[in-house]
Amino acid sequence: MHIKKRLILLLPLFLVSLVSVRAQQLPQDGPLTLRPLLQQLGDRLLRGKTGSIVAIDPATGQILCLATNTPQGSDVRQAIGRPLAPGSTFKTAQALTLLSEGIITPETTVDCQEGITDGNIRVGCHRHRSPLALQDALAQSCNTWFLMTFASMINDDFVYDSRDEAITTWRSYMQSMGLGGPMHIDISGEQGGLLAGADYLNRRYPKGWDGKTIWWAGMGQGDVTCTPLQLCNLAVSIANRGWFYVPHIHKETTNPRYLTKRTTKVLPEAYPPVIEGMRRAVDRGTAVGIKTTYPICGKTGTVENPGRDHSVFIGFAPMAEPKIAVCVYVEHGGFGADMAAPMAALVMETYLKGKLSPDSEQRAQRLSAITL
């Protein structure tokens, strides 16, 4: 009798789990903006993995690729409805905010000795020369640089009257870049994510908080999550130097929501140094493995979590006249440079060149053969 009662109680949870794993497919009503070559490549690269590849035309907001894979098969919610920590890709948005608020300049340097220690907390960083200014901090993805500068913004009692005002200001910049909440794209199942705000932090830390309490957000971990779609749109807004259209998948849309240009809160003069930092990341930094004849600007991300780290990359190309922005997010894929960055480079090459070179095709075959 007790066993039967327990089964009845568990039945709703079982039904919910069935619903949660049921794949949600892309819409089929009317012509879509997706490019078949990119979709086919994305599906191939994600074989045997859990993750997503999103590509957007910066000039129009049209979604060029929305490839996903899960243990249950392709599911568009992997890209639009599964907020995850963005890792170091988020450092681009941090830099834009800190520059716009005057907390830093491109010349601001921070000393890093393979990480930072505060009390019994140690945050590591890979070996690089020190100190670094902004552009090289982005290129080398220095955790210390972004933890310290973010904390300095939140703790600045000269610029802001309170911690609440500082975090509210920070959050407003992030929201203006399309992060933190649903973008209201034309596909069902979209979710927003988390951007720590004053109310949230006051509830979570009733004994008080400051910049060091939440400094993990400075490197894209802790109290911040985004969807791969939002991260791709972040790359779009940087590629466009401060504006974007809400991403959409229906080619013949007449909805003003998708035809109205959105402007970020970031100051125009903040974009050039961040873009140069993203260029250096590919030219001689963490993403040097995808260096090409046409200039790619990008940012790797390695997201810490139980088990193997997630591999993330955002970027756009070409640098001066962007034609495509890409986000690749591979769960348990390791370092951002290991899997996400080379996948993104292959998507860009296919779109810009019309096909993969023989060497790139071999790289695509190697990546496709990896099962996680």
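The values are calculated or read from the model by the stated rules, or taken from the named source; none is laboratory data. In this text the structure is predicted, and so the values were computed from the model without any measurement. Quick reminder, even Gly has a Cβ in these numbers, built from the backbone with ideal geometry, and neighbours come from all protein chains shown. These area figures cover heavy atoms from the full protein model, side chains too; ligands, DNA and RNA do not enter into them. Shrake-Rupley method; radii C 1.70, N 1.55, O 1.52, S 1.80 Å.
Annotations for the structure displayed:
- Fully extending the segment from Ala320 to Thr117, taken as 0.36 nm per residue of separation minus the present Cα-Cα distance, adds 69.2 nm.
- The tail of the calculated P(r) for the range 84-220 beyond 24 Å holds 31 percent of all Cα-Cα pairs.
- Residue order for Trp145, Trp216 - accessible surface, 1.4 angstrom probe, largest first: Trp216, Trp145
- Take 343-351, 68-76, 325-333 and order them by the average number of nearby Cβ atoms within 10 Å per residue, most first; the result is 325-333, 343-351, 68-76.
- Here's the list of lysines a cross-link from Lys353 could span, going by alpha-carbon distance under 16 Å and ignoring same-chain residues fewer than 8 apart: Lys291, Lys323.
- Every helix of 4 or more DSSP H residues in the chain counts as -39500 (n - 2.57), and over all residues that averages to -11000 deg cm²/dmol at 222 nm.
- Gyration tensor over the Cα atoms of the range 245-287: the corresponding equivalent ellipsoid has semi-axes (square roots of 5 times the eigenvalues, largest first) of 31, 16, 6 Å.
- Highest average first, the peptides 287-300, 34-47, 225-238 ordered by how many other beta carbon atoms sit within 10 Å of their residues are 225-238, 287-300, 34-47.
- Overall, the accessible surface of the chain at a probe of 1.4 angstrom is composed of carbon and sulfur to the extent of 54 percent.
- Solvent-accessible heavy-atom area per residue, rounded to whole Å², over the range 147-243 at 1.4 Å: 38 Å²
- Distance between the range 320-372 and the range 42-99 - C-alpha centres, whole angstrom: 13 Å
- Partner lysines whose Cα lies under 26 Å from the Cα of Lys212, excluding those fewer than 8 positions away in the same chain, are identified as Lys91, Lys265, Lys299.
- Under the span-like rule (Cα at least 24 Å along the axis, Kyte-Doolittle mean at least -0.5), DSSP H helices of the chain: 2-21
- Unpaired Cys in the chain, meaning no second Cys C-beta under 4.7 Å: Cys65, Cys112, Cys125, Cys142, Cys226, Cys297.
- Potential lengthening between His126 and Tyr200 on full extension [0.36 nm per residue; Cα-Cα distance subtracted]: 23.5 nm
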